[in-house]
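The structure that follows is given in the form of structure tokens.
The values are calculated or read from the model by the stated rules, or taken from the named source; none is laboratory data. The structure displayed is predicted, hence computed values, not measured ones. Backbone-built Cβ (ideal geometry, glycine too); neighbour counts: all protein chains shown. Areas reflect the complete protein model, heavy atoms only, side chains present, ligands, DNA and RNA absent. Shrake-Rupley method; radii C 1.70, N 1.55, O 1.52, S 1.80 Å.
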Amino acid sequence: MKTYSRNQLFSLLLLIFSLLLFFFITPMAVEKGGIEAAQDPSFVPNLITIILGLLSFLMLLAETFKSQLIPSGKMAPLFSLRLFIAISFFILYMISTSLIGYIPATFLALAIYLFFFGVRNWTTIIVLSTSFAVFLYWFFAKIMFVMLPVGTIFKG
Amino acid sequence: MLEQLLHGYQLMFCWENIMFVFLGLGVGVFVGSIPGLTVTMAIALIVPLTFTMQPVPALALLLGVYKGGMFGGSISAILINTPGTPAASATALDGYPMAKKGQAVKAMKIALYSSVIADTGSDLILILVAPPLALIALRFGPPEIFSLVLFSLTIIAAVSGKSLLKGLIAATLGLFFATIGMDPVAGLSRYTFGYIDILKGIGLIPMLIGLFAVAEILLKVENNQNQDARTIKVKISPHPADNNVNWKEMRGCLRSIARGTALGTFLGAIPGIGSTITAFLNYGMARKVSKHPETFGQGSLDGVAAAESGNSAVCGATLIPLLTLGIPGDIITAIILGAFMIHGIAPGPMMFQEHGSIIYALFIGLMICNAGNLLVGGLSIKIARNILKVPDAILYPIILILCFVGTYACDNSMFDVGVMFAFGIIGFLMRKLDYPPATLLIGFILGPMLENSLRQSLIMFDGNFGIFFQRPISLGFLVITIITVLTIMINAYRRAR
């Protein structure tokens, strides 16, 4: 069974996205301004959407004419499980920073990432995680006066 | 004049001031090299510390930070493909591939040399011909800026890589992302869906860090599993030729550096243009005139020199409208303008008469900064090269955490961190699908300028699109743009055949 190439699929997605933008999203999500081009907030977004649509269509045509139809079985997945785990860790780090504050969350995140990337010596993991989290806190909060998150749990 | 020059020399040449210059350079290089920390932020933090200082040491310190930061951004761009400042994005295009070939030190050295040469050239132009240049720059109204930005978009062809179409799609996406947030003319919301955080739009720093640094780390995560050739471990070559820039190589880059100096000085004198555009423009021009354009993007020494000279030449040039007319050229000079005023100096045409000796002290200070940048930059290269000795398993988690904190520090916003990560995933997908992230960034940077100048022009001239063809400078840029686009199309057609 033959299927479309990744480039064809992506340009098709972009074409659909630009059509959605032009006909539904922009009219709905851009506030109405003046009628003249200069005062209309949707003038430039619409112009860009049209260009995007045209370019995606051209890309789709170009890829179709190349006629490189690849069997679906040969296309490697874009995201591996390992990548999915790394992304999940980061989202958890963002949530935990808001909940438990910068220092504990950074310590945990760094320790997990060090282990994830292949460091197996626990002393190295603990020393690096602690020292780096504290150093960054000192530099950003004390020197650069950045208000790092305290955490909603410890706020009250 | 000679009396003022001598007085200026006396004011500047003391150990205290020179120490402040070096301190500023050190802070600038350090801050510039950390993704997320901007030179603007460092200068804004240092200004209050200068309240109690005399004007000359205060300005020496601030200018040191400014100039040091311009070079500092290239260190992380070359070593870890993460531009420390937006202006260093163009440096990463060839700097990082050079690092992958084991030539990280060489790339950093040519970045430093071209940065210092272009900066010195720009300062000399400031000293010698600032007033007439400022007057020419002031003739740039919205129609001229629109045509200039339109011309700047032609650099997409130079950084698109294998597929021009993919480069154009990425740039258009960048233009689209730039429209998210508050409309710059009417102040109405666009694509915010009721969320206040989105109203300020997508930040440049979160996007930059995401597209380059986070995407690189995500590729690294994949690499550990699949051994992808796109993420080769960066190492320092043991061969001296890979770690030094010889005279022949330097001579080969001089043309690009000279062009970068001229371009950066001219465009930098126009308020609001900024160093990122000049870096990309000079990079694009260098590629166009190069005998070996195919080496650009693959680790070309000339590419690094062109990008770095283009962005550093803006340093002195942004001071041209500031000192001669009292108009800051960018955000940094706006803060420096504040520092001037705190010390009772009002920049503008009268400044040369009222505070002539301080101006000459400042000029001498600029030159000391440039010489000092060579020393501080050289030292920072020696320190920074040690980063590559850190194992990947330790380096990448640290960079990821640094990206998180650096992005958060920009605006104390967790929303920005989310944006950064989203662009990390977008950057990862773009690399997987062979879409160039640099063109998305160019579109994003040029987008607001293009829209502002277009709509301002239309408002000023009652919606008349013909205005762009009626004003000579604007028409000139449009003609160059059309010629460039035609050349690109003809070349693409020839290649396809």
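Can we say B:Phe404 is open to solvent by 10 Å² or more (accessible area, probe 1.4 Å), aromatic (Phe, Trp, Tyr) and within 28 Å of A:Pro104 (Cα to Cα)?
Criteria not met by B:Phe404.
So which residues in the stretch B:388-413 are aliphatic (A, V, I, L, M), assigned to a helix (DSSP H, G or I) and more than 23 Å from the chain's Cα centre (by Cα), if there are any at all?
B:Leu388, B:Ala393, B:Ile394, B:Leu395, B:Ile398, B:Ile401
Okay, moving on. Filtering the stretch A:6-18 down to residues that are more than 10 Å from chain B (Cβ to nearest Cβ) and surrounded by 16 or more Cβ atoms within 10 Å (Cβ to Cβ), which residue is nearest to A:Phe43 (Cα to Cα)?
A:Leu15
Looking at the stretch B:1-100, what helices (runs of 4 or more DSSP H) fall wholly within it and have at least 2 residues that are at pLDDT 90 or above and not charged (D, E, K, R)?
Output list reads B:15-33, B:55-80, B:89-100.
Let me ask something else about it. Tell me whether the stretch B:430-441 contains one or more residues that are on the phi > 0 side of the Ramachandran plot, open to solvent by 30 Å² or more (accessible area, probe 1.4 Å), among the acidic types (Asp, Glu) and out of contact with any helix residue (DSSP H, G or I) (no Cβ under 7 Å at 6 or more places or on another chain).
No; the residues of the stretch B:430-441 include none that is on the phi > 0 side of the Ramachandran plot, open to solvent by 30 Å² or more (accessible area, probe 1.4 Å), among the acidic types (Asp, Glu) and out of contact with any helix residue (DSSP H, G or I) (no Cβ under 7 Å at 6 or more places or on another chain).
Scan the stretch B:132-157 for residues that are charged (D, E, K, R) and either under 24 Å from B:Tyr283 (Cα atoms) or assigned to a helix (DSSP H, G or I) (or both) and jot them down.
B:Glu144
Evaluate the stretch B:136-145: report whether one residue or more is over 26 Å from B:Ser256 (Cβ atoms), over 17 Å from the mean Cα position of the chain (by Cα), at the interface with chain A (Cβ under 10 Å from one of its Cβ atoms) and surrounded by fewer than 24 Cβ atoms within 10 Å (Cβ to Cβ).
Checking the stretch B:136-145: not a single residue is over 26 Å from B:Ser256 (Cβ atoms), over 17 Å from the mean Cα position of the chain (by Cα), at the interface with chain A (Cβ under 10 Å from one of its Cβ atoms) and surrounded by fewer than 24 Cβ atoms within 10 Å (Cβ to Cβ).
Which pairs do you get when a residue that is within 11 Å of B:Met420 (Cβ to Cβ) and more than 13 Å from chain A (Cβ to nearest Cβ), found in the stretch B:198-222, comes within reach of a residue that is among the aromatic types (Phe, Trp, Tyr) and part of a helix (DSSP H, G or I), reach meaning Cβ atoms under 6 angstrom, with the pair 6+ apart or on two chains?
Final answer for the pair search is B:Ile202/B:Phe177; B:Met207/B:Phe423; B:Leu211/B:Phe423.
When you check B:Pro57 against the structure, is it closer than 30 Å to B:Gly299 by Cβ and either open to solvent by less than 30 Å² (accessible area, probe 1.4 Å) or in contact with a helix residue (DSSP H, G or I) (Cβ under 9 Å, 6 or more places away or on another chain) (or both), yes or no?
Considered against the rule, which asks whether it is closer than 30 Å to B:Gly299 by Cβ and either open to solvent by less than 30 Å² (accessible area, probe 1.4 Å) or in contact with a helix residue (DSSP H, G or I) (Cβ under 9 Å, 6 or more places away or on another chain) (or both), B:Pro57 comes out as no.
Next question. Can you tell me which of (1) modelled with pLDDT under 90; (2) assigned to a helix (DSSP H, G or I) is the one B:Phe465 doesn't meet?
Here B:Phe465 clears every test but (2).
Separate question: Among (1) surrounded by fewer than 24 Cβ atoms within 10 Å (Cβ to Cβ); (2) over 14 Å from the mean Cα position of the chain (by Cα), which single condition is B:Asp94 missing?
Only one criterion is unmet by B:Asp94, namely (1).
Okay, next question. Before we move on, is B:Tyr396 in contact (Cβ under 8 Å) with a residue 40 or more places away in the chain, in contact with a helix residue (DSSP H, G or I) (Cβ under 7 Å, 6 or more places away or on another chain) and more than 14 Å from chain A (Cβ to nearest Cβ)?
Considered against the rule, which asks whether it is in contact (Cβ under 8 Å) with a residue 40 or more places away in the chain, in contact with a helix residue (DSSP H, G or I) (Cβ under 7 Å, 6 or more places away or on another chain) and more than 14 Å from chain A (Cβ to nearest Cβ), B:Tyr396 comes out as no.
Going by the structure shown, is B:Ile127 under 30 Å from B:Gln298 (Cα atoms), part of a helix (DSSP H, G or I) and β-branched (Val, Ile, Thr)?
no
Restricting to the stretch B:353-382, name every residue that is of a type in the set (Val, Ile, Thr) and at pLDDT 90 or above.
Selection gives B:Ile368, B:Val376, B:Ile381.
Further question on the same structure: So which of B:Asp434, B:Asp416 ends up being within 14 Å of chain A (Cβ to nearest Cβ), outside any helix (DSSP H, G or I) and under 30 Å from B:Ala213 (Cβ atoms)?
From the options B:Asp434, B:Asp416, the qualifying one is B:Asp434.
Moving on. Any chance the stretch A:98-108 includes a residue that's within 11 Å of chain B (Cβ to nearest Cβ), open to solvent by 20 Å² or more (accessible area, probe 1.4 Å), among the β-branched types (Val, Ile, Thr) and within 21 Å of the chain's Cα centre (by Cα)?
No, that holds for no residue.
Could you check the stretch B:431-482 and list, in sequence order, the residues that are free of Cβ contacts under 8 Å to residues at least 24 places away in the same chain and β-branched (Val, Ile, Thr)?
Hits for the stretch B:431-482 are B:Val479, B:Ile482.
Return the pairs, sorted by first residue and then second, in which the second residue is open to solvent by less than 60 Å² (accessible area, probe 1.4 Å) and not aromatic (Phe, Trp, Tyr), the first residue lies in the stretch A:130-149 and is closer than 20 Å to B:Phe415 by Cα and more than 8 Å from chain B (Cβ to nearest Cβ), the beta carbons are less than 8 Å apart, and the residues are 6+ apart or on different chains.
A:Tyr137/A:Thr106; A:Tyr137/A:Leu148; A:Ala141/A:Leu148
Something else now. Scan the stretch B:299-334 for residues that are part of a loop (DSSP other than H, G, I, E, B), under 20 Å from B:Phe140 (Cα atoms) and more than 14 Å from the chain's Cα centre (by Cα) and report the count.
Total satisfying the criteria: 3.
For B:Leu374, indicate whether it is away from chain A (no Cβ under 12 Å), surrounded by fewer than 24 Cβ atoms within 10 Å (Cβ to Cβ) and assigned to a helix (DSSP H, G or I).
yes
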